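Presented below is the structure to which this report refers.
The values are calculated or read from the model by the stated rules, or taken from the named source; none is laboratory data. Bear in mind the structure is a predicted one, so any value in this text is a computation, not a measurement. Reconstructed Cβ throughout: ideal geometry from the backbone, glycine too, with neighbour counts over all protein chains shown.
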Amino acid sequence: MTNAVRTVRGGARTWAQMTARLMSVAGLLFLSLTGCIGDAPPVNQKNGGGAFGHGGAGRGGGGAGGMGDGGAAGTSVPASGGQTGLGGGGSTGAGGAGNGAGAAGSAAGGRGGNGAGDGNAAGGGGIAGAHLPGVGGQGGRTTSAAKLSVDREQVSFGPVTVGSSSMASVVVVKNIGESASAPLAIAIAGTGAGMFSAVTNACAGMILVPGATCSLSVAFAPKTPGAVTTMLTITAGGASVAVSLNGTGEFASIVAGLDGALLTLPCSATTSTGYTCVSSGCDTTGGVTTVKAFPLGGVANTVYDLTFHVRGIVEGYLYQGGTRDQGMAAPTSSPDFFHRGGQVQPVGPGAATYNSYQLEVSPTISGAPATYFLNSLPITPLDPSVVGVTFPIDYTKTIRVPGGGTITFRIGDNDCRMIMNCGPTMGTMCAAPRTVSLAGASPAAPASFVQPFQGPAGAYGQWVFIDVTSVAVAP
């Protein structure tokens, strides 16, 4: 009885011991299994245009030791970039479970830094499990803004006749950035900007995606002579690009004949007075000795302001009507003798004696005189230094002329006689003939022209030289 009870109790102890032993093994298996499972990597998160990546936690437990002696712990294989760690198998033995825990590898966001996981934690009762670095998640990429470029940085138009227009020149604009542009705006600004214009403009208001282009064309229409430079600017929000525009306005083709014109009135023979001479080539029937026409270039139906410097030795004339620039009673110190409008005297004193110097403009321009005179005398006072003698003229004036028209220069001599260049008084018998400086004239007077100007008879005659200094489109 006692033995039976003892046997039953012994059996009970044996079952309990086995159950405990099995639970212990199960626990070790559970620890081993849980050590093989790595954390799943988190999803990349968008933050200000860059991704924030976390490397998954790499955890590798050592394999469960068997029932033997001196069993080595298993070696864990690291998680790479957040992948599950693999547990190593343990060898048979009585060693404890090796649980090597690798730290999570993480990557800071932005441009993709690499987070390093570190995992050399000692396993309990066994050799430490090895854990290689975890690889961080790739960072997000920041997109650059729009950036504009042009196919040329400068457009040169060269010389262009004042009042006309050049051929249009094309400029191509391109977005070389990585984002679409804001709507494009075009501006021409700077000195002389009004002489440049966009003939065609496919860029205004355009939104250019990366790599896209648009084009515009510009032209130069000078209103004044000389070199002009300005800037063409293309903008799109904070992006911009500029093109230098330059050209030169020229007027030589407009007044090629008139510019540098020299008209002379030589004496063919002296008279008994000693200070007058016979005009060379005078037409006694018409009383006109010199007529010369100068065709004008430029653009038809365009009105120009023509500025010229006139120099010469002439005798004076009293004109009817019109307006004398210095007034009819102006003092004669530094006189310019220029007269706008009016006419020569058909009758009366001086009508058949003194020479007239006039410019005629055709076709006529509304609001502008058709005739200008170069040697107008004031009515009062009749200064003896300019009345009855020749005198120098040296002044600059501006008149209006039509593009494609004509300027005609007329020197009228009604009696085929003129006053010789005899100096300030007519009784000196030409002892001190006058001269006028032609320095700075462009073009220069012909090399054959020598002052004081002498005719075939050796007497000093009269002359006029015209130097055009500017031509501009009239406002």
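Among (1) within 16 Å of the chain's Cα centre (by Cα); (2) modelled with pLDDT under 95, which single condition is Thr161 missing?
So the condition that Thr161 fails would be (1).
Just wondering, is there one or more residues in segment 229-250 that are more than 17 Å from the chain's Cα centre (by Cα) and modelled with pLDDT of 95 or more?
No, the conditions are met nowhere in segment 229-250.
Mind listing just one residue for me: the one in segment 160-177 that is of a type in the set (Val, Ile, Thr) and part of a loop (DSSP other than H, G, I, E, B) and, of those, nearest to Asn246 (Cα to Cα)?
This residue is Val162.
Could you figure out which of (1) more than 23 Å from Arg400 (Cα to Cα); (2) not in a loop (DSSP other than H, G, I, E, B) isn't true of Gly211?
Result: Gly211 fails condition (2) only.
Across segment 457-475, which residue is surrounded by the fewest Cβ atoms within 10 Å (Cβ to Cβ) among those that are in a loop (DSSP other than H, G, I, E, B) and touching a strand residue (DSSP E or B) at 6+ places or on another chain (Cβ under 6 Å)?
Per the stated criteria, the residue is Ala457.
Here are the criteria: (1) closer than 30 Å to Leu374 by Cβ; (2) buried (at least 16 other Cβ atoms within 10 Å of the Cβ). Tell me which single one Thr271 does not satisfy.
(2)
Looking at Ala204, is it free of Cβ contacts under 8 Å to residues at least 24 places away in the same chain, assigned to a loop (DSSP other than H, G, I, E, B) and either polar (S, T, N, Q) or surrounded by fewer than 16 Cβ atoms within 10 Å (Cβ to Cβ) (or both)?
Taking the combined requirement at face value, the residue satisfies it.
Just one of (1) of a type in the set (A, V, I, L, M, F, W, C); (2) surrounded by 14 or more Cβ atoms within 10 Å (Cβ to Cβ); (3) over 13 Å from the mean Cα position of the chain (by Cα) trips up Phe220, so point out which.
(3)
Could you list, in sequence order, the residues of segment 148-201 that are of a type in the set (A, V, I, L, M) and in contact (Cβ under 8 Å) with a residue 60 or more places away in the chain?
If the condition is that a residue be of a type in the set (A, V, I, L, M) and in contact (Cβ under 8 Å) with a residue 60 or more places away in the chain, then Leu148, Val150, Val155, Val160, Val162, Val171, Val173 are the ones that fit.
How many of the residues in segment 215-259 are outside any strand (DSSP E or B) and at positive phi?
Matching residues across segment 215-259 total 1.
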